[in-house]
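FYI, it's all coordinate maths here, none of it is from the lab. Predicted, not measured: the structure shown is a model, and the values here were computed from it. Virtual Cβ from ideal backbone geometry, glycine too; neighbours counted across all protein chains shown.
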Amino acid sequence: MGHFEANPVTYSKFLTQNRHKSVFYFRSLIPVHLRPYFASKKYLKRTTETSNKIDATHRARQLRCYCHDLFLTLEADMKKRRRSESPKTITTGLVTGPFGDIDFGGDSCPKGRKKEIKLYKEQLKFAKQNPELAKAMLSSRSSNAPVASKAAVQPPVCCTEVFDQLITRLQSRVGSRENGLSEKTFNEYLPRYKFWSEALKDVNAADVNRAMVADIHSWLHDLTPGFSKLGMSVTQAVDLAKAQQSTKVLSAKSFNNYALPFTAFLDQCYKLGIHTEKLTDLFERRDDKSGTTIKRLPFTDNDIKLIFPGERYVTAIKKYGHSNPIAARFWVPLIAFYSGARLEEICQLTVGDVVTDADTGIQYFNITTGESADGKKQRLKNQNSERPIPVHSKLIETGFNTYLTGLLADKSQNLFGLKRSSNGSYGKEIGRWFSLKSKTTKGYIERMGVVSSGVDETGHAWSKSFHSIRHTVVDNLRDEKFLPNGQRVTITDIALLVGHIDDLPEAKLQTNKYGLGQRQLKVRRDLVENIIFDSISGLNYNN
């Protein structure tokens, strides 16, 4: 393989960072005997355009492959030359890979090349998902066919075929841990992809040009919202939109939702060589951020007293919310206040998800992607959501273990007797019971006297809901809290406990999911025990 072969598991060694630590750069050492080709330069350097080391390592692997191909080519060229001949200096460092070219000239990304790496990554994914088509493209490339004629030699491709590829690719992301989609999100996307597949079923992908994109952008504004519920077919809805005879038009958000699959189609056509120019940028999205953002506030001490009125708490929750089990109404808000866990993380717990560590004796909630009570996979928001949360001593004092003991006969059952709702969530009904506010109905906190919405002095709207509990817990832990070793509780500590992926350094993000060592459990227990609410007292589930 030459003098420059790299160990395939050490691609991160090719990464460096700029002085601001904001972007990773790929850097590959040029073999000494090949440096005359590069005007005696020692390194090839290129930005990965990301601050995420995992993504940067993936891109380093791709760039290393490009370098490998280049070095092999130059080494073959060197063998062909006579000793007296000097190698031709490469001033641009242009490298030809299996799907395109990349420029390694200079130390910064030339204008017009900033999306090369991202494009290659997407092409590589396409090749894995469409091996036959990728093989055909590689064959045509190796036969020295001109790039400009690549689209001409391909048979006509119907738009429906391209959308079928996109749907297949989208479906492959369901349940994937890398760039994955939930089944719910996929089911939301699918009708819009099928809409475009039907709307453009008689059109060849190569015939979609600038004028057609502009025309589609124009009539999409006038598409009737919810046309299928009104008994209209896709063809009827499109014809009505083109004639501008719709009584209602799409909102900015709905327009953008329909725009997403169409721009994905344009992007795919460009990658496949069906289009010689990128038409995606011609299809502009509409501004859907002009509305007022509602700020979610944490609960105050007075709010917490109203939510948990001591011995009257059991009486209060029995009075409101009869559709939900009494155990769920009692424990779910309380566990949230003493853990910072999300609503769905708590509500989907099974009896078997309450675990006691054999070595430390620490009891904890195992927030995981295991099976829920109905046998389906549990849902988590992000990779850092999978974590152990020790059971707070206040929950045990309130009677949690006594409650748990009565359920141990069936560890697969839901911990609170909840069932999955029609939208696939265990927590929907409890969330509505806790903080719903409408013209005709009030949630539990409103009935108990908590003001759950309003406008501040600057005119911005605010609200309080079940999710406000997480804000309350985070604020509580920020309030001059210390671990037993004397160290102050940091933002990183809080992120580990509540599953905030954005506040975690990459190293902790990775190590967080490996094992449940004694030290990790003890640290998490110390963090949990730092959650202290003087406003919560006098509660007992057995009352």
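Ellipsoid semi-axes for the stretch 258-415, based on the Cα gyration tensor and the rule √(5λ), read 44, 23, 15 Å when sorted largest first.
My understanding is that a pair violates if its Cα-Cα distance is over 23 Å; which of Lys184/Lys428; Lys184/Lys442; Lys376/Lys442; Lys253/Lys439 do that in this structure? Violating the 23 Å limit, Cα to Cα: Lys184/Lys442; Lys376/Lys442; Lys253/Lys439.
For the residues His33, His500, what sequence is obtained by ranking on other C-beta atoms within 10 Å, fewest first?
Ascending Cβ contact count within 10 Å gives the list His33, His500.
What FRET efficiency do you get for Asn187 and Leu483 if R0 is 51 Å and r is their Cβ-Cβ distance, rounded to the nearest 0.05? E(calc), rounded to 0.05, equals 0.70. Between Val203 and Lys42, residue separation times 0.36 nm minus the direct Cα-Cα distance comes to 52.8 nm. The Cα center of the stretch 168-247 and the Cα center of the stretch 362-426 differ in position by 39 Å. Ordering Leu181, Leu496, Leu230 from the fewest to the most neighbouring beta carbons within 10 Å gives Leu230, Leu181, Leu496.
Test of understanding: ordering Trp331, Trp462 by Cβ neighbours within 10 Å, fewest first, what list do you get?
Values: Trp331 22, Trp462 15.
By the 10 Å Cβ count, ascending: Trp462, Trp331.
Relative intensity of the stretch 164-319 on a log10 scale, I(q)/I(0) at q = 0.11, 0.13, 0.14, 0.15 Å⁻¹, equals -0.59, -0.73, -0.80, -0.89, per a Debye sum over C-alpha point scatterers of equal strength in the absence of solvent. If the segment from Trp219 to Ile294 were pulled out straight at 0.36 nm per residue, it would be longer than the present Cα-Cα gap by 23.8 nm.
A Förster radius of 30 Å combined with the Cβ-Cβ distance from Glu397 to Lys229 puts the calculated FRET efficiency at roughly 0.05.
Given that compact globular proteins tend to follow 2.2 N^0.38 Å, what is the ratio of the alpha-carbon Rg of the stretch 344-389 to that value?
Normalised by 2.2 N^0.38 Å, the Cα Rg of the stretch 344-389 equals 1.15.
With Cα atoms as the point set, the radius of gyration and Dmax of the stretch 296-529 evaluate to 17.8, 55 Å.
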